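A.B. asks: Once you've had a glance at the structure underneath, I'll fire off some questions.
Where a number appears in this text, it was derived from the coordinates with a stated rule and is not lab data. From a predicted model like this one, the values you see are computed outputs, not experimental measurements. Glycine also receives a Cβ, built like all others from the backbone with ideal geometry; neighbour counts cover every protein chain displayed.
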Amino acid sequence: MGRLLPLASLALGVLLVGGCIPKVKTDLPKLPNPAATVPELTAMTPEEAVVALERNSLVLGQVGTTADARWADIVKPGLIVAQSETPGARVPRHTIINVAVYKPTVREYGEVPDVQGMKYDEAVAALEKAGFVPGEISWRHVKDQRLHDIVYRQSPEPGKSAKRWSKVNLGLYGRTEGNFVRVPRLTGLKVTEVPTVLAKYGLSQGDVTYKTAPSASLIGTVRGQSPGIGVKVKPGTKVDITVYSR
């Protein structure tokens, strides 16, 4: 039995020298980087975007700013309005996504312009140019048709200091018969506030459709309305709304 061990050792040595044991390959091909789906970041804060991107194995890059006033009625200052990759696109994991947030260049407070004596449409244009938005509308019925649709009162009063993009309520002259009302601004309100606001104008809520919210903070907020803001309608008209939901 003692002779078997030297023979076994000799056989193993022959195998090693002869190269019969296959070499282990170390140059294996690299696995491809799996793709990730780019989330919708609109109306999120940069902090919320970090979480949303990390959830999809992506990275937040540069945070730029835009002062484009067209975003004023859509998102609040400081929220994202643009991103470098299209939502829903498939990109490699760990891709860097740059974003831009809405940051008005105007001061936080401004002087309310005088819109008394203007037609409603002219008043709205003047308010928006100064950095404000039309608010609630009240009516004073007069027979003189030359006065119809003209602003006779506003609140805050002209020259007052008010926060930019705040609402300026207007009083208008209207018809004594067959009067109409203008649809108030519902966009940006909580859905629970809509019936009360519409009731002030003799209007009611119509159909409600839902759209997935790009940010948890927008859930329950009105995204759109029909008829639109300022449209002349008869009392009792129903206004349809679109609401952000989960």
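A.B. asks: For an R0 of 35 angstrom, estimate the FRET efficiency from the Cβ-Cβ distance between Gln145 and Thr65 and round to the nearest 0.05.
C.D. replies: My answer for the efficiency is 0.15.
A.B. asks: Could you compute the FRET efficiency for Asp114 and Ile74, with r as their C-beta to C-beta distance and R0 at 22 Å, rounded to 0.05?
C.D. replies: 0.20
A.B. asks: To continue, here is another question. Please give the contour-minus-distance gain from Lys129 to Lys103: 0.36 nm per residue of separation, less the Cα-Cα distance, rounded to one decimal in nm.
C.D. replies: Full-extension gain reported as 7.7 nm.
A.B. asks: Separate question: Can you tell me how much longer the chain between Val231 and His94 gets when fully stretched, taken as 0.36 nm per residue apart minus their C-alpha distance, in nm with one decimal?
C.D. replies: 44.6 nm
A.B. asks: Give the distance, in whole Å, between the Cα centre of segment 173-246 and the Cα centre of segment 30-80.
C.D. replies: Their Cα centres are 29 Å away from one another.
A.B. asks: For Thr221, what charge total do you get from the other residues with a beta carbon under 12 Å from its beta carbon, if Lys and Arg give +1 and Asp and Glu give -1?
C.D. replies: +3
A.B. asks: In addition: What pairs in Lys76/Lys200; Lys129/Lys160; Lys119/Lys232; Lys190/Lys238 have C-alpha atoms more than 21 Å from each other?
C.D. replies: In this structure, Lys76/Lys200 exceed 21 Å between Cα atoms.
A.B. asks: Next question, about the same structure. Sticking with the crude label model, points 7 Å out along Cα→Cβ, report the distance from Glu136 to Asp207 in nm, one decimal please.
C.D. replies: 3.0
A.B. asks: Further, regarding this structure: Tell me, what HN-Hα J-couplings in whole Hz come from the Karplus equation 6.51 cos²θ - 1.76 cosθ + 1.60 at θ = phi - 60° for each residue of segment 128-141, using x for Gly and Pro?
C.D. replies: Each residue's phi maps through the Karplus curve to give 5, 5, 7, x, 10, 10, x, x, 6, 10, 10, 10, 10, 7 Hz.
A.B. asks: Have a look at Leu186, Ser166, Gln154 and report the one farthest towards the positive end of the charge dipole of segment 107-246, computed about the Cα centre with Cβ charges (Lys/Arg +1, Asp/Glu -1).
C.D. replies: It is Leu186.
A.B. asks: Give the relative contact order (percent, whole number) for segment 180-246; include only Cα pairs under 8 Å separated by 6+ residues.
C.D. replies: 47
A.B. asks: Give, in nm to one decimal, the length gained when the segment between Val51 and Tyr152 is fully stretched (0.36 nm per residue of separation minus the Cα-Cα distance).
C.D. replies: Extra length from Val51 to Tyr152 when fully extended: 31.4 nm.
A.B. asks: Here's a follow-up. Treating only the Cβ atoms of Lys and Arg (+1) and Asp and Glu (-1) as charged, compute the dipole magnitude of segment 106-179 about its Cα centre; round to the nearest 20 debye.
C.D. replies: Taking the Cα centre of segment 106-179 as origin, the dipole is about 100 debye.
A.B. asks: About the Cα centre, and with charges only on the beta carbon of Lys, Arg (+1) and Asp, Glu (-1), how big is the dipole of segment 35-102? Nearest 20 debye, please.
C.D. replies: 160
A.B. asks: So for Asp144, Asp114, fewest C-beta neighbours within 10 Å to most, what's the order?
C.D. replies: Asp144, Asp114
A.B. asks: Among Tyr102, Tyr173, Tyr152, which comes first, then next, by fewest other beta-carbon atoms within 10 Å?
C.D. replies: Sorted ascending by nearby Cβ count, the order is Tyr152, Tyr173, Tyr102.
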